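I have placed the structure first, in the form of structure tokens, so that the comments after it can refer back to it.
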Amino acid sequence: MRILIIHNLASGPSSDEIFAFARALSIGGDEICMRFIGDGMEPEDAVADVRTFDRVVISGGDGTVSNVLDSLRDTHVPALIFPSGTANLFFNNIGNAPEAAALAKACREGRTAQVDMGELFWTDEAGEVRRHGFIIIAGSGFDAAIMQKAAPSKNEIGEIAYVLAALGTPEPDVARFTIEHDGVVDELDGISCMVANTALIQNDINLFPECRMDDGLIDIAVIEPAATVQLLPTLLAGVFDPAGRGLGRPQFKMFQAKEAKITCTPSLGMQFDGELIENNSGCFGARVLPKYLDVIIDDFSPLGR
Ligand SMILES: [Mg+2]
């Protein structure tokens, strides 16, 4: 079997686990090729000949995984996500067992699920239209601030960090959102508009209870204007009812669509998968790329059910 491993050496504290994985994976007759993203090795270089491999393993945090999967789209080589980063939300959404040996077994067996990606469009300062795939959440407003503020302590104190980060913004900016979703236009005031491909965040909190990455739809949520303290019930509902089936998400207005165009006045900034976009136009598009990725799953993954 020919296996390509793409790894980010700077991905985080578990960065060396990938070598234990490679050891667990190896059997006679294999060819394992490791490529390390960095100077002179961009994600698109690393995947240039990916179709000649039987498997591709992507090892890093959410930023690395997002960039590599965006380069990989539509190649349909079975892809295993290996959680080497400080934030591994996409891996958590897939739901595979995290041990190196278990992931090596799943990689060899090669059972896959077809999942969607999101695609984001925006106009940069020079007026050029830019695009990037996203695997988790993109959007404008409150969420970017939260993800940024939660970053230094994420994975250590989990939802507490999230709540504290939220409290750090006592009076979030309010904007007018115009949301065109599959031809229907809604206008509403909010402090954030998020577009999600998957919505499980830290500590198994599902931000948007209906959100799945294999339904051919993106989930759009506008958070109603509220001081952060007033959002506490929603945040606490997230903590005590992670799946969102009982308490729901009282301050979120939600839509599902294949594509959407969102205008935010004034602009509240933008991010995708935790990476900030320098952009002040306040207008962006998003669409679903259905069944764009073949991700390797094991028996624990809800994607297999
Ligand atoms: Mg979906």
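The values are calculated or read from the model by the stated rules, or taken from the named source; none is laboratory data. Please read all numbers here as calculations on a predicted model, not as lab measurements. Cβ atoms come from the backbone with ideal geometry, glycine included; neighbour counts cover every protein chain shown. For the accessible areas, the whole protein counts, side chains as well, though only heavy atoms, and no ligand, DNA or RNA atoms are used. Shrake-Rupley method; radii C 1.70, N 1.55, O 1.52, S 1.80 Å.
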For this session: Kindly state which strands (runs of 3 or more DSSP E) lie completely within region 59-162 and contain at least 3 residues that are at pLDDT 90 or above.
Result: 79-83, 112-123, 129-134
For this session: Being more than 15 Å from the ligand (Cβ to nearest atom) and among the aromatic types (Phe, Trp, Tyr) is the filter; apply it to region 87-134 and report the residue that is farthest from LEU303 (Cα to Cα).
Result: TRP122
Seminar exercise, completed: Counting only residues in region 7-26 that are in a loop (DSSP other than H, G, I, E, B) and touching a residue at least 12 places away in the same chain (Cβ under 8 Å), the one farthest from THR75 (Cα to Cα) is identified as PRO13
Exercise. Can you name the condition, by its number, that LYS258 falls short on among (1) open to solvent by 20 Å² or more (accessible area, probe 1.4 Å); (2) at pLDDT below 95; (3) not β-branched (Val, Ile, Thr)?
Worked result: (2)
Exercise. If you check LEU25, LEU80, which single one turns out to be under 22 Å from the mean Cα position of the chain (by Cα) and buried (at least 21 other Cβ atoms within 10 Å of the Cβ)?
Worked result: LEU80
Exercise. Would you say VAL174 is modelled with pLDDT of 85 or more and either open to solvent by less than 50 Å² (accessible area, probe 1.4 Å) or of a type in the set (D, E, K, R) (or both)?
Worked result: no
